[in-house]
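The values are calculated or read from the model by the stated rules, or taken from the named source; none is laboratory data. Treat the numbers as computed from the prediction; the structure is a model and nothing was measured. Note that we place each Cβ from the backbone using ideal geometry, even for glycine, and neighbour counts take in every protein chain shown. What goes into the accessible areas is simple: the full protein's heavy atoms, side chains included, and nothing from ligands, DNA or RNA. Shrake-Rupley method; radii C 1.70, N 1.55, O 1.52, S 1.80 Å.
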Amino acid sequence: MDKKEIIKKLGAMRSSDPCFGGGKIVSSVSTEPLDVALDAWRLYSDVNALDTYLFSSAQKLEKEVMEWLAGMLHGSHAAGYITTGGTESNIAALYAAKKMYPGKREVIVPDSVHYSVLKAADLMGLKVKKTGLDKNFRADVGDIEKALSKDTLAVVATAGTASLGMVDPVEEINGLCGDVFFHVDAAFGGFILPFIVGRVTDFRLDNLDSLTIDPHKMGCAPIPAGALLFRDASYLKELTVQPAYIPITSYTLSGSRSAGAVAAVWATIRCLGLEGYEKNARECLRNTSLLCRELKKVSGAGIVTEPDVNIVGVRLPDIEKTASELRKRGWGIAVNKELSCIRFAVMPHVTREVVLGFIGELKEVLN
Ligand code: 0PR
């Protein structure tokens, strides 16, 4: 095939699926990446971030990204690396915990934990102790306290749950974690919570060991780009391997890593800056409140609970049928079978107009 034909074919394939710019994808926690990030990616597309002895500029970019994230998360000594996403970060966090406390085997997780944490425990042969949620779907702290034992390796809390956008009471959980590894999964909430006054979900928590935050979600970077931060660099030492045949020191879970992803995150952060992220967060939270308010006015519809961040569990009458009608109208939505609601993520491409458009079409479908 010649090059033009290849691209034409790909263009046709791609256009058969929806795009974020169209606004109607409301079930996804991704968004449209910036052009500058795609240019940055191309510049580093042939670079393996693992080969630090060859490509020191990629290492420098990654260091700068981590310093920037550490600054936003109040981790004056925090250190970490760019991963492929929340799943890898959560696995690597528990791997570090296991290395640090080799004799312990139990991981305490509230019911709303992301399935990647269960995957991580399974991979490492750790025992999962599930704990309950309160009436607002946040972790029940009393339950966690009861579950702690001399065999507890780690406690995982979530700052922005995947289904309902809830933030576990991490300050109280922090108080229980003096002797155990404490990981916060802020894969989704990490770029929103720093801008909500009064919320402390970062390294100001004195027992916090590690934190997941995903540039490829509210960080607006192209996929794949997650990040894992530890309280300080000593945790990375636990993970370090030094192969004899090549002069690298690797503490990452993956071997070869895309420096394109690193450059794209660097470019996105440089372009948006803290101010850009704050503006995004405010706008997304404003549109989340608008969505919740408007839903309550639609007969038979509503929300599962008031969310802490910009993910809403939307209740609809006759959910499967209503969801199917909305899909026919081009809405990219996903039904949460467990809670009988749809997961609505109010991402930056989900503007005020999109929210009001959704409400308008929902009313038409229900009439
Ligand atoms: N932790 C939390 C709190 C998450 O929400 C997610 C992502 C992860 C960890 C795992 O992150 P990665 O997907 O980057 O490994 N949760 C999304 C979800 O389950 C994954 C996703 C992403 C699903 C885009 C759909 C989608 O369109 O909703």
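Of (1) part of a helix (DSSP H, G or I); (2) touching a residue at least 60 places away in the same chain (Cβ under 8 Å); (3) under 23 Å from GLY219 (Cβ atoms), PRO307 satisfies all except one. Which?
(1)
Of the numbered conditions (1) surrounded by fewer than 24 Cβ atoms within 10 Å (Cβ to Cβ); (2) more than 10 Å from the ligand (Cβ to nearest atom), PRO110 satisfies every one except a single condition; which is it?
Against the list (1) surrounded by fewer than 24 Cβ atoms within 10 Å (Cβ to Cβ); (2) more than 10 Å from the ligand (Cβ to nearest atom), PRO110 comes up short only on (1).
Quick check on this structure: which one of GLY75, GLY21 is away from the ligand (no atom under 15 Å from the Cβ) and outside the structural domain of ASP202 (by TED's automatic domain parsing)?
GLY21
Going by what's in this entry, would SER340 be described as closer than 25 Å to PHE137 by Cβ and open to solvent by 20 Å² or more (accessible area, probe 1.4 Å)?
yes
Six or more apart or on different chains, Cβ under 6 Å: which pairs go from a residue in region 106-126 that's over 26 Å from GLY142 (Cβ atoms) to one that's surrounded by 20 or more Cβ atoms within 10 Å (Cβ to Cβ)? Could you list them?
MET124/LYS98
Kindly evaluate PHE181 against the criterion of being in contact (Cβ under 8 Å) with a residue 60 or more places away in the chain and touching a Gly at 6+ places or on another chain (Cβ under 7 Å).
It is false that PHE181 is in contact (Cβ under 8 Å) with a residue 60 or more places away in the chain and touching a Gly at 6+ places or on another chain (Cβ under 7 Å).
Among what's in region 276-304 and is in contact with a Gly (Cβ under 7 Å, 6 or more places away or on another chain) and in a helix (DSSP H, G or I), pick the residue that is surrounded by the most Cβ atoms within 10 Å (Cβ to Cβ).
Looking at the filtered set, the residue picked out is LEU295.
When you scan region 235-275, how many residues do you find that are open to solvent by 20 Å² or more (accessible area, probe 1.4 Å) and assigned to a helix (DSSP H, G or I)?
Final tally of qualifying residues: 8.
For the structure I just gave you, tell me whether GLY226 is touching a Lys or Arg at 6+ places or on another chain (Cβ under 9 Å), crowded, with 18+ Cβ neighbours inside 10 Å and either small (Gly, Ala, Ser) or under 16 Å from LEU50 (Cα atoms) (or both). Give the steps one after another, and end with the answer.
Working: touching a Lys or Arg at 6+ places or on another chain (Cβ under 9 Å): yes; crowded, with 18+ Cβ neighbours inside 10 Å: yes; either small (Gly, Ala, Ser) or under 16 Å from LEU50 (Cα atoms) (or both): yes.
It is true that GLY226 is touching a Lys or Arg at 6+ places or on another chain (Cβ under 9 Å), crowded, with 18+ Cβ neighbours inside 10 Å and either small (Gly, Ala, Ser) or under 16 Å from LEU50 (Cα atoms) (or both).
Please give the strands (runs of 3 or more DSSP E) falling wholly within region 150-222 in which 3 or more residues are β-branched (Val, Ile, Thr).
Hits in region 150-222: 152-158.
Out of (1) outside any loop (DSSP other than H, G, I, E, B); (2) touching a residue at least 24 places away in the same chain (Cβ under 8 Å); (3) open to solvent by less than 90 Å² (accessible area, probe 1.4 Å), what's the single condition that is false for PRO33?
Every listed condition holds for PRO33 apart from (1).
Based on this model, can you work out whether VAL167 counts as among the β-branched types (Val, Ile, Thr), away from the ligand (no atom under 12 Å from the Cβ) and modelled with pLDDT of 95 or more?
no
Can you report the number of residues in region 57-90 which are in a helix (DSSP H, G or I), polar (S, T, N, Q) and within 29 Å of ASP209 (Cβ to Cβ)?
The number of residues fulfilling the criteria is 4.
Do we find a residue being loosely packed, with under 15 Cβ neighbours inside 10 Å, assigned to a loop (DSSP other than H, G, I, E, B) and away from the ligand (no atom under 16 Å from the Cβ) anywhere in region 115-131?
yes
Could you tell me whether any residue of region 189-212 is within 16 Å of the ligand (Cβ to nearest atom) and within 23 Å of ASP51 (Cα to Cα)?
No, because not a single residue in region 189-212 is within 16 Å of the ligand (Cβ to nearest atom) and within 23 Å of ASP51 (Cα to Cα).
So, in region 140-149, of the ones that are assigned to a loop (DSSP other than H, G, I, E, B) and under 24 Å from GLY103 (Cβ atoms), which residue ends up nearest to the ligand (Cβ to nearest atom)?
If we take residues in region 140-149 being assigned to a loop (DSSP other than H, G, I, E, B) and under 24 Å from GLY103 (Cβ atoms), then LEU148 is nearest to the ligand (Cβ to nearest atom).
Could you please find all residues in region 36-77 being open to solvent by less than 80 Å² (accessible area, probe 1.4 Å) and in contact with a Phe, Trp or Tyr (Cβ under 6 Å, 6 or more places away or on another chain)?
Scanning region 36-77 gives VAL47, LEU61, VAL65, LEU73, GLY75.
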